[in-house]
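Q: Before we start, here is the structure in question, set down as C-alpha coordinates.
The values are calculated or read from the model by the stated rules, or taken from the named source; none is laboratory data. Source: prediction; values computed, not measured. Heads up, the Cβs are rebuilt from the backbone with ideal geometry, glycines too, and the neighbour counts pull from every protein chain shown.
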Amino acid sequence: MPSAALERWRTDRAFLLDDLFAAHGQVGGTGAGRRWTTAELNRALLLRVAAQFQGFAKDLHQEAAVTFGSLAQPSDPAIARVIAVGLQTKRELDRGNAQESTLASDFGRFGLKLWDEMEARHARSVGRREHLKWFNMARNGLAHDDAQMIAKVEGRRLSNRLGMAPEMA
(Lines give C-alpha, C1' and ligand atoms only; values in the text may rest on other atoms or scores of the structure.)
Protein backbone atom coordinates (compact mmCIF):
# COMPACT_ATOMS: atom_id res chain seq x y z
CA MET A 1 0.00 0.00 0.00
CA PRO A 2 1.47 3.40 -0.97
CA SER A 3 2.22 5.91 1.75
CA ALA A 4 -0.45 8.58 2.18
CA ALA A 5 2.22 10.89 3.64
CA LEU A 6 4.39 10.45 0.54
CA GLU A 7 1.40 10.97 -1.75
CA ARG A 8 0.53 14.21 0.06
CA TRP A 9 4.18 15.32 -0.24
CA ARG A 10 4.08 14.67 -3.98
CA THR A 11 0.74 16.45 -4.49
CA ASP A 12 -0.61 19.01 -2.01
CA ARG A 13 2.73 19.96 -0.49
CA ALA A 14 4.53 19.98 -3.85
CA PHE A 15 1.84 22.20 -5.40
CA LEU A 16 2.23 24.79 -2.64
CA LEU A 17 5.98 24.86 -3.15
CA ASP A 18 5.64 24.89 -6.94
CA ASP A 19 3.55 28.07 -6.68
CA LEU A 20 6.30 29.76 -4.67
CA PHE A 21 9.02 28.63 -7.07
CA ALA A 22 6.94 29.92 -9.99
CA ALA A 23 6.55 33.30 -8.28
CA HIS A 24 10.29 33.34 -7.67
CA GLY A 25 10.90 32.72 -11.36
CA GLN A 26 8.57 35.57 -12.32
CA VAL A 27 10.34 38.01 -10.01
CA GLY A 28 13.92 36.96 -10.62
CA GLY A 29 13.85 35.09 -13.89
CA THR A 30 14.82 31.50 -14.51
CA GLY A 31 18.27 31.96 -16.04
CA ALA A 32 21.56 31.32 -14.29
CA GLY A 33 23.03 33.98 -12.03
CA ARG A 34 22.53 35.56 -8.68
CA ARG A 35 19.26 37.46 -8.14
CA TRP A 36 19.84 40.18 -5.57
CA THR A 37 16.21 41.29 -5.72
CA THR A 38 14.93 37.92 -4.56
CA ALA A 39 16.81 37.59 -1.26
CA GLU A 40 13.70 37.92 0.90
CA LEU A 41 11.69 35.67 -1.38
CA ASN A 42 14.49 33.08 -1.10
CA ARG A 43 14.24 33.29 2.67
CA ALA A 44 10.47 32.91 2.58
CA LEU A 45 10.87 29.88 0.33
CA LEU A 46 13.31 28.29 2.75
CA LEU A 47 10.88 28.76 5.65
CA ARG A 48 8.02 27.30 3.60
CA VAL A 49 10.09 24.30 2.53
CA ALA A 50 10.99 23.74 6.20
CA ALA A 51 7.32 23.88 7.18
CA GLN A 52 6.28 21.46 4.45
CA PHE A 53 9.08 19.03 5.31
CA GLN A 54 8.13 19.10 8.98
CA GLY A 55 4.50 18.48 8.03
CA PHE A 56 5.58 15.56 5.86
CA ALA A 57 7.67 14.09 8.70
CA LYS A 58 4.70 14.37 11.08
CA ASP A 59 2.34 12.81 8.52
CA LEU A 60 4.78 9.95 7.95
CA HIS A 61 5.24 9.39 11.68
CA GLN A 62 1.48 9.32 12.25
CA GLU A 63 1.02 6.89 9.38
CA ALA A 64 3.76 4.67 10.80
CA ALA A 65 2.19 4.78 14.28
CA VAL A 66 -1.24 3.76 12.97
CA THR A 67 0.29 0.97 10.87
CA PHE A 68 2.43 -0.22 13.79
CA GLY A 69 -0.62 -0.28 16.09
CA SER A 70 -2.69 -2.19 13.52
CA LEU A 71 0.04 -4.76 13.01
CA ALA A 72 0.70 -5.13 16.74
CA GLN A 73 -2.97 -5.68 17.56
CA PRO A 74 -4.81 -6.67 14.35
CA SER A 75 -7.79 -8.22 16.13
CA ASP A 76 -8.56 -5.30 18.47
CA PRO A 77 -8.85 -1.86 16.80
CA ALA A 78 -9.30 -0.11 20.16
CA ILE A 79 -5.96 -1.39 21.45
CA ALA A 80 -4.35 -0.66 18.06
CA ARG A 81 -5.48 2.99 18.45
CA VAL A 82 -4.06 3.12 21.99
CA ILE A 83 -0.71 1.89 20.65
CA ALA A 84 -0.77 4.44 17.81
CA VAL A 85 -1.61 7.30 20.16
CA GLY A 86 1.08 6.19 22.59
CA LEU A 87 3.69 6.22 19.84
CA GLN A 88 2.75 9.83 19.04
CA THR A 89 2.53 11.12 22.61
CA LYS A 90 5.15 13.79 23.35
CA ARG A 91 6.44 13.49 19.82
CA GLU A 92 9.42 15.80 19.36
CA LEU A 93 8.24 16.80 15.88
CA ASP A 94 5.29 18.52 17.57
CA ARG A 95 7.64 20.76 19.58
CA GLY A 96 10.82 21.12 17.55
CA ASN A 97 12.20 21.26 14.04
CA ALA A 98 12.40 18.25 11.77
CA GLN A 99 16.11 17.92 12.46
CA GLU A 100 18.50 15.00 12.80
CA SER A 101 17.92 14.31 16.49
CA THR A 102 14.16 14.89 16.41
CA LEU A 103 13.64 12.56 13.47
CA ALA A 104 15.92 9.91 15.00
CA SER A 105 14.12 10.08 18.34
CA ASP A 106 10.58 9.99 17.00
CA PHE A 107 11.16 7.26 14.42
CA GLY A 108 13.29 5.41 16.97
CA ARG A 109 10.03 4.66 18.82
CA PHE A 110 9.44 2.00 16.17
CA GLY A 111 12.83 0.43 16.83
CA LEU A 112 14.24 2.13 13.75
CA LYS A 113 17.81 3.44 13.81
CA LEU A 114 16.89 6.05 11.24
CA TRP A 115 20.26 7.40 10.15
CA ASP A 116 21.98 4.01 10.21
CA GLU A 117 19.18 2.57 8.06
CA MET A 118 19.24 5.50 5.64
CA GLU A 119 23.02 5.40 5.26
CA ALA A 120 22.91 1.63 4.69
CA ARG A 121 20.32 2.11 1.93
CA HIS A 122 21.83 5.05 0.08
CA ALA A 123 25.35 6.49 -0.03
CA ARG A 124 24.01 10.06 -0.39
CA SER A 125 22.35 9.90 3.04
CA VAL A 126 25.49 11.14 4.80
CA GLY A 127 25.41 14.30 2.71
CA ARG A 128 21.67 14.66 3.17
CA ARG A 129 22.11 14.49 6.92
CA GLU A 130 24.65 17.33 6.74
CA HIS A 131 22.33 19.35 4.47
CA LEU A 132 19.52 18.90 6.96
CA LYS A 133 21.73 20.30 9.72
CA TRP A 134 22.51 23.45 7.72
CA PHE A 135 18.94 23.73 6.46
CA ASN A 136 17.61 23.79 10.02
CA MET A 137 20.29 26.26 11.02
CA ALA A 138 19.06 28.54 8.21
CA ARG A 139 15.46 28.01 9.25
CA ASN A 140 16.24 28.88 12.87
CA GLY A 141 18.31 31.90 11.90
CA LEU A 142 15.47 33.28 9.82
CA ALA A 143 12.65 32.37 12.20
CA HIS A 144 14.48 33.91 15.18
CA ASP A 145 16.03 36.83 13.25
CA ASP A 146 19.54 35.75 14.23
CA ALA A 147 21.82 37.75 11.91
CA GLN A 148 24.96 35.81 12.92
CA MET A 149 23.41 32.45 12.16
CA ILE A 150 22.00 33.71 8.85
CA ALA A 151 25.42 35.05 7.84
CA LYS A 152 27.08 31.75 8.78
CA VAL A 153 24.64 29.77 6.64
CA GLU A 154 24.70 32.19 3.72
CA GLY A 155 28.49 31.96 3.75
CA ARG A 156 28.11 28.27 2.88
CA ARG A 157 25.76 28.95 -0.05
CA LEU A 158 23.22 26.58 1.42
CA SER A 159 20.70 26.80 -1.39
CA ASN A 160 23.13 25.25 -3.91
CA ARG A 161 23.72 22.38 -1.53
CA LEU A 162 20.00 21.74 -1.18
CA GLY A 163 19.65 21.17 -4.89
CA MET A 164 17.52 24.25 -5.44
CA ALA A 165 17.56 26.05 -8.74
CA PRO A 166 20.85 27.90 -9.41
CA GLU A 167 19.10 31.27 -9.46
CA MET A 168 18.25 30.80 -5.78
CA ALA A 169 21.89 30.67 -4.73
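Q: Within the range 63-82, track down each residue that is among the acidic types (Asp, Glu) and touching a residue at least 12 places away in the same chain (Cβ under 8 Å).
A: GLU63
Q: Does the range 13-24 include one or more residues that are part of a helix (DSSP H, G or I), over 18 Å from the mean Cα position of the chain (by Cα) and modelled with pLDDT of 95 or more?
A: Within the range 13-24, none of the residues are part of a helix (DSSP H, G or I), over 18 Å from the mean Cα position of the chain (by Cα) and modelled with pLDDT of 95 or more.
Q: In the list ARG139, ARG121, ARG156, which residue meets the criterion of being touching a residue at least 60 places away in the same chain (Cβ under 8 Å) and of a type outside the set (A, V, I, L, M)? Give the steps one after another, and end with the answer.
A: Details: ARG121 fails: touching a residue at least 60 places away in the same chain (Cβ under 8 Å); ARG156 fails: touching a residue at least 60 places away in the same chain (Cβ under 8 Å).
Just a single option satisfies the conditions, and that option is ARG139.
Q: Among the listed residues ALA72, ALA57, which satisfies the condition of being surrounded by 17 or more Cβ atoms within 10 Å (Cβ to Cβ) and small (Gly, Ala, Ser)? If you could, list the steps in order and put the result at the bottom.
A: Details: ALA72 fails: surrounded by 17 or more Cβ atoms within 10 Å (Cβ to Cβ).
Selected residue: ALA57, the only one of ALA72, ALA57 that is surrounded by 17 or more Cβ atoms within 10 Å (Cβ to Cβ) and small (Gly, Ala, Ser).
Q: Continuing with this model, one more query. Which number in (1) hydroxyl-bearing (Ser, Thr, Tyr); (2) at pLDDT 95 or above; (3) not in a helix (DSSP H, G or I) marks the one condition that THR30 misses?
A: Every listed condition holds for THR30 apart from (2).
Q: Among the numbered criteria (1) crowded, with 19+ Cβ neighbours inside 10 Å; (2) under 15 Å from ASN136 (Cβ atoms); (3) touching a Leu at 6+ places or on another chain (Cβ under 6 Å), which single criterion is violated by PHE107?
A: Unmet for PHE107, out of (1) crowded, with 19+ Cβ neighbours inside 10 Å; (2) under 15 Å from ASN136 (Cβ atoms); (3) touching a Leu at 6+ places or on another chain (Cβ under 6 Å): (2).
Q: How about the range 96-141: which of its residues are over 30 Å from GLY69 (Cα atoms) and in a loop (DSSP other than H, G, I, E, B)?
A: Across the range 96-141, the qualifying residues are ALA123, ARG124.
Q: Taking the criterion of being closer than 18 Å to GLN62 by Cβ, among the basic types (Lys, Arg) and assigned to a helix (DSSP H, G or I), would at least one residue in the range 72-85 satisfy it?
A: Scanning the range 72-85, I find at least one residue that is closer than 18 Å to GLN62 by Cβ, among the basic types (Lys, Arg) and assigned to a helix (DSSP H, G or I), so the answer is yes.
Q: From the set of residues in the range 69-85 that are small (Gly, Ala, Ser) and touching a helix residue (DSSP H, G or I) at 6+ places or on another chain (Cβ under 8 Å), which is farthest from GLU130 (Cα to Cα)?
A: ALA80
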